[in-house]
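Chemist: If you scroll down you'll find the structure; I have some questions about it.
Only the coordinates and a few stated rules stand behind these numbers; no lab work does. From a predicted model like this one, the values you see are computed outputs, not experimental measurements. Cβ placement follows ideal geometry from the backbone for every residue including glycine, while neighbour counts extend to all protein chains displayed.
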Amino acid sequence: MPVTTVRKENDGFVTVAANSHVHYFLTAQGAQPQFSMGCEHHEDIERADQFPGHPMQNYDWTVMHPSLHAAGDNYTVAMAYLVTLNYTLKIEHHRQDHSVINVISDKDYASQQTDDFDLEILKIFKG
């Protein structure tokens, strides 16, 4: 069973205005990180193997205002433990200049079981 260490519990939702965005930072420890992020309207918005330089230890990506649905959407990051034992996922709400408005979530995930996985869900509204 996965173990989660919480530094900042997930706020659950965020409203992104035209001059802000959500920034995801994922650190993986292991041979071949396997993760993806999708939403209700788009599967695999981000996927580990789509990043130049994959496999690597540090990944980051943003969700920008223009790509959001007005009614809001659940964005889910799924992390698999097939050959990666530890993940750190930090989600921040940023201003346009990348300064931090709020740390939305900050957690470590770990498992020794190759069939385990973890999910982190955030509802993002277009403001």
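Chemist: Give me the dipole magnitude in Debye, nearest 20, for the stretch 3-126 about the Cα centre, with unit charges on the beta carbon: positive for Lys and Arg, negative for Asp and Glu.
Modeler: For the stretch 3-126, the charge dipole is close to 340 debye.
Chemist: Let me ask something additional. Using the alpha carbons of the chain, what is the convex hull volume per residue in cubic angstrom, as a whole number?
Modeler: 101 Å³
Chemist: For Ser111, Ser67, Ser99, what ranking results if the residue with the fewest other Cβ atoms within 10 Å of its Cβ goes first?
Modeler: Going from least to most buried by this count: Ser99, Ser67, Ser111.
Chemist: A further question follows. Among all the lysines, which ones have a C-alpha under 21 Å from Lys8's C-alpha, if same-chain residues fewer than 8 places away are not counted?
Modeler: Reachable lysines: Lys90, Lys107, Lys123.
Chemist: What is the distance in Å between the Cα centres of the stretch 47-105 and the stretch 1-39?
Modeler: Each part reduced to its Cα centre gives a spacing of 5 Å.
Chemist: Only Cα pairs under 8 Å and at least 6 apart count here; give the relative contact order of the chain as a rounded whole percent.
Modeler: The value is 41 percent.
Chemist: For a footprinting-style exposure proxy, rank Tyr87, Tyr75 by other Cβ within 10 Å, fewest first.
Modeler: Listing Tyr87, Tyr75 from fewest to most nearby Cβ atoms yields Tyr75, Tyr87.
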